[in-house]
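The structure appears below as structure tokens.
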Amino acid sequence: MPQVRRTRTAVFFGGVVPASADEERLAEEVGMALAGAGFALLHGGYNGLMEACARGAASKGGTVTAVTLADKHPEWGEFNPHVNDEVHLPDLGARLNHYLQAADLVVAMGGGVGTLHELTAALYYAGNIRPAPVWITGPTALRLLAFLRREKWLFETPTRPLGFLSPIASASAFAAQLHALTDEKEADA
């Protein structure tokens with residue numbers, strides 16, 4: 001009997017104002033790599049890095065789902081044109097839980113305080129609830145990660161390992177790590 005393969009889900013956290021054109025291009029390449037590896041994409045649905053990642057995923061035929069707050073959607077505006085499914089949730093807790101419970105992989109890039117909130121929730125979740133991989137990429141997010149480590153906001157202990165966390169410096173390193181992750185998951189199946 002052929003084995004049914006479950007669609008893997010990647011959650012992308014990134015801001016509406018890219019720090020640079022290079023960071024926006026990296027987000028697009030991340031989206032292409034994720035869709036190319038068979039991941040469905042969950043993201044906030046709006047513009048900036050989210051849109052760049054969604055554009056990349058859509059260009060490879062990936063499914064792109066926007067996850068937003070029901071009462072904020074009219075204020076925040078229309079989703080980017082690459083969204084082909086949407087979820088409207090009542091509050092931030094439900095939104096974060098939706099993301100993190102679905103995540104086979106979390107990818108975080110730079111952004112504002114909303115992205116920071118999502119990233120810290122993912123770090124806590126992966127370190128304490130379920131060890132889903134959390135990949136930090138792009139110069140802005142990598143500087144944040146270095147700060148969190150240097151200032152001891154994020155540190156490893158025997159009871160709180162950080163093996164789920166990976167800093168990734170480039171699109172090629174992202175693609176290589178994604179290849180290794182998907183090979184590992186397929187070997188486990």
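Between the stretch 99-167 and the stretch 65-86, what is the separation of their alpha carbon centroids in Å? Rounded to whole Å, the Cα centres lie 24 Å apart.
Available extension along the chain between Y124 and A173 is 15.2 nm, counting 0.36 nm per residue and deducting the alpha carbon span. Contact order, relative form, for the chain: 21 percent (alpha carbon pairs under 8 Å, 6 or more residues apart, mean separation divided by residue count).
Peptides 158-164, 18-24 ranked from most to least packed by the mean count of surrounding Cβ atoms within 10 Å: 18-24, 158-164.
Loop-resident GluC sites (Glu not before Pro) (DSSP state other than H, G, I, E or B) in the stretch 100-176 with no more than 10 further Cβ atoms inside 10 Å of their Cβ: E151.
Take 104-116, 75-87 and order them by the average number of nearby Cβ atoms within 10 Å per residue, most first; the result is 104-116, 75-87. The dipole here belongs to the stretch 1-106: it is taken about the Cα centre, uses +1 on the Cβ of Lys and Arg and -1 on the Cβ of Asp and Glu, and is about 480 debye. The trypsin sites (Lys or Arg not before Pro) of the stretch 99-163 meeting both criteria, a DSSP state outside H, G, I, E and B (loop) and at most 16 other C-beta atoms within 10 angstrom of the site's C-beta, are K152.
From its DSSP helices (H runs of at least four residues, each -39,500 (n - 2.57)), the chain gives a residue-normalised ellipticity at 222 nm of -14500 deg cm²/dmol.
The spread of Cα positions in the stretch 1-107, taken along each principal axis and listed from longest to shortest, comes to 49, 34, 20 Å. Along its principal axes, the chain has C-alpha extents of 50, 45, 33 angstrom, given from the largest down. Relative to the Cα centre, the charge distribution of the chain, modelled as +1 at Lys and Arg Cβ and -1 at Asp and Glu Cβ, gives a dipole magnitude of about 460 debye.
None of the figures in this text is laboratory data; all of them are computed from the coordinates on show. Bear in mind that the values here come from a model prediction, so they are computed numbers and not experimental data. Positions of Cβ are backbone-derived with ideal geometry, glycine not excepted, and every protein chain shown enters the neighbour counts.
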